[in-house]
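Read the structure below first, then the notes.
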Amino acid sequence: MSRALVLGGGGPVGIAWEAGLLAGLAEGGIRAADADFIVGTSAGSVVGALLALGRAPADLAAPIMAETVRPRAIPGVVAENRTGAPDMTVLFQKMQEAASGERDPKEVRREIGAFSLAAQTVDEAAFISGFGRQLAGSGEGSWPAHGYACTAVDCETGEFVVWDAAAKVPLSRAVASSCSVPGVFPAITIGGRRYMDGGMRSATNADLAKGHAKTLVIAVRLGAGEFAERMMKPLEREMQAIREAGGEVELIVPDDASATAFGSNLMNPRHRPASAKAGLEQGRRAAQALRGFWG
């Protein structure tokens, strides 16, 4: 029986919550990292890569929760009032358009790509180096032996791209491209082309798990209302595609305590410790319900 783990996007706060949640699940006997296939988008690409490289969820969550003692500074690149910050409402509007299906999603993604390429951001090499440090031990260009993939979008064509071991690109560069939030972080150069966050196609891209018998989807959801509902539509379609291919799906989204811990800005690192702790507690509670499913 093949199993897949899908890890969605959600910024630095999402990384913290997913790490805590997975640690809580593992405490309860649900070793999600043992999945045959792990696919991550944006924040999920980071967590997924570390899991596939053999890092224990508890080892990912513990340092984040320890940030309570020594809080991280808010980087200028994600500060909402930074000089030269682009109008992010443009990005949110385009993301809603792509999710709604009212226009050709690839065309909308090309427009988002143009927005990404035009934005003034941190240096590309500096951005990639941060992922290199997080993935230290993998070696330049090497990928986990475990089945792992992450997602990105070509800025110019709007094409959706899946990076895996067969793509033969450096792991740190692939993960960086999956995390390249348009307007905030630089588009990443791979093979002479520029790539941005795979979340511009979907925050989860869960349909990549089609063909597996069981899929556990972990999706970061912020707030409620029309925007949140519209952004969940692609995930609903993706899970239906998995079911139609004969697979079973279970979905975990933040509970009320986790959503409160997130705050209003998933890019604010000050919310990471509380989010990791809330994820840990949610994972502990969720583990029992998943035993029959995950085995």
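Annotations
- Considering only residues in the range 132-141 that are modelled with pLDDT of 75 or more and in contact with a helix residue (DSSP H, G or I) (Cβ under 7 Å, 6 or more places away or on another chain), the one that is nearest to T189 (Cα to Cα) turns out to be G132.
- The residues of the range 1-26 that are open to solvent by 20 Å² or more (accessible area, probe 1.4 Å), modelled with pLDDT of 95 or more and under 19 Å from R291 (Cα atoms), listed by number, are S2, R3, A26.
- Flag for R230 being in contact (Cβ under 8 Å) with a residue 24 or more places away in the chain and more than 19 Å from the chain's Cα centre (by Cα): no
- Within the range 100-122, the set of residues being acidic (D, E) and either part of a helix (DSSP H, G or I) or touching a Ser or Thr at 6+ places or on another chain (Cβ under 9 Å) (or both) comprises E107, E111.
- The lone exception for G279 - which of (1) of a type outside the set (S, T, Y); (2) in contact with a Gly (Cβ under 6 Å, 6 or more places away or on another chain); (3) at pLDDT 95 or above; (4) open to solvent by 30 Å² or more (accessible area, probe 1.4 Å) it fails: (4)
- Among the candidates R133, R103, R194, residue that is free of Cβ contacts under 8 Å to residues at least 12 places away in the same chain, over 21 Å from E238 (Cβ atoms) and open to solvent by 30 Å² or more (accessible area, probe 1.4 Å): R133
- Selection within the range 163-191 - free of Cβ contacts under 8 Å to residues at least 60 places away in the same chain, open to solvent by 30 Å² or more (accessible area, probe 1.4 Å) and part of a strand (DSSP E or B): D164
- Positions within the range 27-41 being part of a loop (DSSP other than H, G, I, E, B) and open to solvent by less than 10 Å² (accessible area, probe 1.4 Å), in sequence order: I30, A35, T41
- Residue that is farthest from the chain's Cα centre (by Cα), among those in the range 246-256 that are over 18 Å from G44 (Cα atoms) and open to solvent by 60 Å² or more (accessible area, probe 1.4 Å): G246
- Residue in the range 200-213 that is in contact (Cβ under 8 Å) with a residue 60 or more places away in the chain, polar (S, T, N, Q), crowded, with 20+ Cβ neighbours inside 10 Å and touching a Leu at 6+ places or on another chain (Cβ under 6 Å) present: yes
- Any chance G158 is touching a residue at least 40 places away in the same chain (Cβ under 8 Å), assigned to a loop (DSSP other than H, G, I, E, B), small (G, A, S) and open to solvent by less than 20 Å² (accessible area, probe 1.4 Å): yes
- Qualifying residue in the range 47-64 (condition: open to solvent by 40 Å² or more (accessible area, probe 1.4 Å), of a type in the set (G, A, S) and farther than 22 Å from S142 by Cβ): yes
- Check on S2, polar (S, T, N, Q) and at positive phi: no
- Candidates are the residues of the range 141-155 that are over 10 Å from G198 (Cα atoms) and part of a strand (DSSP E or B); the one that is most open to solvent (accessible area, probe 1.4 Å) is G147.
The values are calculated or read from the model by the stated rules, or taken from the named source; none is laboratory data. Predicted, not measured: the structure shown is a model, and the values here were computed from it. Counting neighbours? That spans all protein chains shown, and the Cβs are built from the backbone with ideal geometry, glycine included. When the accessible area is computed, the model is the full protein with side chains, heavy atoms only, and any ligands, DNA or RNA have been set aside. Shrake-Rupley method; radii C 1.70, N 1.55, O 1.52, S 1.80 Å.
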